[in-house]
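J.: Before anything else, here's the structure in question.
What follows draws every value from the coordinates through simple rules; no lab data is involved. None of the values given here were measured: they were computed from a predicted structure. Ideal geometry is used to build each Cβ from the backbone, glycine not excepted, and the neighbour counts take in all protein chains shown.
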C-alpha cells in the first residue's frame, strides 16, 4: 500500500486594483497560510510587476528544493552515523524560456557542510547523491536540479 500525505493551505490576494494611465493594474500581493504555521507574504518578482521585498513563486520553488535536500541529507547522514556540525546552502534557480514557455529550467544547490569528524568527509560527500535521489521535491519537478556540495571538517 502506498502512503499519501496531504498538505492543505490557502492563498489570499491582499493587493488592490487601480487605474494607471487608463489601464487596470492589479497589485501582486498575496498571503499564503497553512494551519498552525506563520503566514507567508508574497508577491511576484519586480520583473513581473511585483515587489521584491516578498517571497515569490520562484524563490519559494528554489527554497523548497534547498530545504528538501537539506532535510533528506540530514536523514541519510543520521542513518550513516555521520554528525553534521554546520550546514548552509546557496541555491540558484534560473527562469528562462524553454520550448516556447517561460519556466524554471535549472536549480543549482551548493550545500556547504562541516562535519564533526574529518574521517567521514568522503562518505558525507557521497551521501549528497543519495539525498538528491530521495528528495521528494527534486523528484517532483521537470527540470534539472544540480547539487554541488562542499564538505569539510
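J.: Take residue 62 and decide whether it is part of a helix (DSSP H, G or I), touching a helix residue (DSSP H, G or I) at 6+ places or on another chain (Cβ under 6 Å), surrounded by 15 or more Cβ atoms within 10 Å (Cβ to Cβ) and in contact (Cβ under 8 Å) with a residue 12 or more places away in the chain.
T.: no
J.: Give me a count of the residues in the stretch 4-55 that are assigned to a strand (DSSP E or B), under 17 Å from the mean Cα position of the chain (by Cα) and within 23 Å of residue 136 (Cβ to Cβ). Can you show your working first?
T.: Pass one, the stretch 4-55, residues assigned to a strand (DSSP E or B): 10-13, 17-20, 23-26, 30-33, 40-42, 55.
Subsequent filtering for residues that are under 17 Å from the mean Cα position of the chain (by Cα) retains 32, 40-42, 55.
Those left that are additionally within 23 Å of residue 136 (Cβ to Cβ): 32, 40, 42, 55.
Residues in the stretch 4-55 being assigned to a strand (DSSP E or B), under 17 Å from the mean Cα position of the chain (by Cα) and within 23 Å of residue 136 (Cβ to Cβ): 4 in total.
J.: Can you tell which of 29, 4 is exposed (fewer than 10 other Cβ atoms within 10 Å of the Cβ) and over 30 Å from residue 110 (Cβ atoms)?
T.: 4
J.: Pick from 124, 75, 67: which is assigned to a helix (DSSP H, G or I) and buried (at least 19 other Cβ atoms within 10 Å of the Cβ)? Quick ask: steps written out before the conclusion?
T.: Working: 75 fails: buried (at least 19 other Cβ atoms within 10 Å of the Cβ); 67 fails: buried (at least 19 other Cβ atoms within 10 Å of the Cβ).
After applying the criteria, what remains is 124.
J.: Of the residues in the stretch 127-153, how many are surrounded by 18 or more Cβ atoms within 10 Å (Cβ to Cβ) and part of a strand (DSSP E or B)?
T.: Residues meeting the conditions: 3.
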